[in-house]
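Take a look at the structure below.
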Amino acid sequence: MRTTLTKALGTMLLCGMMAVLLSSCTSGDSANGKVQIEFFQNKPEAKTTFDELIKTFNAEHDDIQVTQVNPPDAETVLKTRVVKNDIPDIMAMGATDTYSILAQSDIFTDLTDSSLLQTIDPNYIQMLKDLTGMDEVTGIPYATNANGIMYNKTLFKEMGLDVPKTWDELIATAQKIKDAGEIPFYFTYKDDWQTSLPFNALGSNLVGIDFYQERRDDKVTFKEKYREVAEKQLELMKYGHGDNFGKAYSDGNRAFANGEAFMYIQGTWAISEIRKANPNVDIGFFPFPTGNDASEIKLVNGIDSLFTIAADTPNREQAETFIAFLLKPENIGRYIDEQTLFSAVEDVKQDDPAVQELMPYIEQGKVVDFADHYIPAAVQLNSIVQSFLQNQNIDNYLDTLDKEWDKVANRR
């Protein structure tokens, strides 16, 4: 069953949708005999890669001209444009609560029966259905990322450490590193979004994504289900360094690159930044072992980029032609190589040696989405988690999550 939009956004979207019926779309106007397609995407780090792919596409098509738009704070810009009924032909974004809200507003083309989905891993199609609560599929999953634990292979080898497979093994490994006078984990909690990394791994594995379906229906609470998550979040803090809340993401990337810590709870997106600091660092990456049954551990692996098409674009055919081009193995292969991501297209592999320990989980479908993809931005999860890790009051933490969730839900 679909959830409803935020009241303010919903009202404005309704006005915008009515305006569509009374006005014509200008994005399809031809120039120099070509249909103009606006490709709006939210990742600044991917702009150069998309520029090159678009250049190739435009050269191969005499009748279509694709132009990339990649503004700062892209999600906010997109929501503003939706309200103004200025919707791009193609939109690329993450599978987050923003996508879910917009999908439920019917501004995206229903692609459920589109041939574009034929090569997409079904796990990621199901993720979109779970996220939106809709049977219709309005996005084409493209690239995915993962959240786990990086480790310095050189340091592990020097100390004779094995990769931990369970929670107890992880804590024992961290304790051994600490006893040797070294830093087990490099925390970068000056940036509050970094605090959500353990939250995602622990929440998605220990509680599961079904929790959020039930939370939407007010059948369960964080206080009832998230205590073990909270306890383990605090347990990890015993194994950081002396300034866990004074170091930012960029500091952590440099520190880990230079061998200052053995492990780094992080996303695959950090690999390229770490290598900029030290191209020779030998990075390994394993799924976060959140419990003591190794067979039950899933890799937190969610949709980093998906493509949608405006429901009212007159250029659906041309938009699908461009997306089909991006889905070709050689093109998505280039994209995931340059961005150190994984392909949502089946049989396109990520060969980077740093992530090879993660690949069996993806290939076997032992994956679970990011928990925070289901949490509305207005809840302000990151600041709540950051405050909790500082004051360490579990009851207050869980009460706050429930209170803020309910506050947002009441406005929907």
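The values are calculated or read from the model by the stated rules, or taken from the named source; none is laboratory data. Keep in mind that what you see is a predicted model, and the values were worked out from it rather than measured. Here Cβ is always computed from backbone atoms with ideal geometry, including for glycine, and neighbour counts include all displayed protein chains. These area figures cover heavy atoms from the full protein model, side chains too; ligands, DNA and RNA do not enter into them. Shrake-Rupley method; radii C 1.70, N 1.55, O 1.52, S 1.80 Å.
The table for this structure:
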item	result
Interchain or long-range residues, amide H under 5 Å from Phe285's placed H	Tyr151, Glu357
Neighbour cut-off at most 16 other Cβ (10 Å), DSSP loop, GluC sites (Glu not before Pro), the stretch 333-407	Glu346, Glu357
In Å², nearest 10: area of Thr119 left accessible to a 1.4 Å probe	70
20 Å reach of a label modelled at Asn391, 7 Å along Cα-to-Cβ, counting backbone N of the stretch 196-212	196, 199
Average Cα contact separation per residue, the chain, under 8 Å, 6 or more apart, as relative contact order %	25
Cα-based helix-to-principal-axis angle, 74-83 vs the chain, degrees rounded to 10	40
Inter-label distance, nm, simple model (7 Å from Cα along the C-beta direction), Glu338/Glu296	4.3
Gained length - Glu231 relative to Val69, 0.36 nm times residue gap less alpha-carbon distance	54.0 nm
Acute angle (nearest 10 degrees) that the helix 316-327 long axis makes with the longest principal axis of the chain, alpha-carbon atoms	30
Per residue solvent-accessible surface (Å²) - the chain, probe of 1.4 Å	42
Net charge contributed by nearby residues that have their C-beta within less than 12 Å of Leu78 (K/R +1, D/E -1)	-1
Solvent-accessible area, 1.4 Å probe, carbon plus sulfur percent, for the chain	46
Residues with amide H under 5 Å from that of Ile64, placed H, sequence gap 5 or more	Val35
Proximal lysines relative to Lys403, as straight alpha-carbon distance under 16 Å, when same-chain residues fewer than 8 apart are discounted	Lys219, Lys223, Lys225
The stretch 276-299-the stretch 74-105 distance, computed between alpha-carbon centres (Å)	33
Per-pair calculated FRET efficiency, R0 = 35 Å: Gln118 and Val83 via Cβ, rounded to 0.05	0.55
Estimated FRET transfer efficiency when R0 is 22 angstrom, pair Ser272-Asp251 (beta carbons, to 0.05)	0.85
Per-peptide average of other Cβ atoms within 10 Å, ordering 180-188, 305-313, 347-355 highest first	305-313, 180-188, 347-355
Proximal aspartates and glutamates to Lys298, defined as alpha-carbon separation beneath 18 angstrom and excluding residues fewer than eight positions away on the same chain	Asp121, Asp130, Asp168, Glu169, Asp210, Glu228, Glu357, Glu363, Asp369, Asp372
0 to 90° range, to nearest 10: angle between helix 47-60 axis and the chain longest Cα axis	30
Inter-site label distance for Asp347 and Glu330 at 7 Å from Cα along Cβ, in nm	1.7
Modelled FRET efficiency - R0 60 Å, Lys407 with Glu169, Cβ distances, 0.05 increments	0.95
MRE, 222 nm, helices only [DSSP H, n ≥ 4, -39500 (n - 2.57), over the chain, to nearest 500]	-12500 deg cm²/dmol
Those trypsin sites (Lys or Arg not before Pro) in the stretch 179-244 that DSSP places in a loop and that have at most 16 other beta carbons within 10 Å	Lys219
Amide N of the stretch 359-393 lying under 15 Å from the label point, which is placed 7 angstrom from the Cα of Asp218 along Cα→Cβ	none
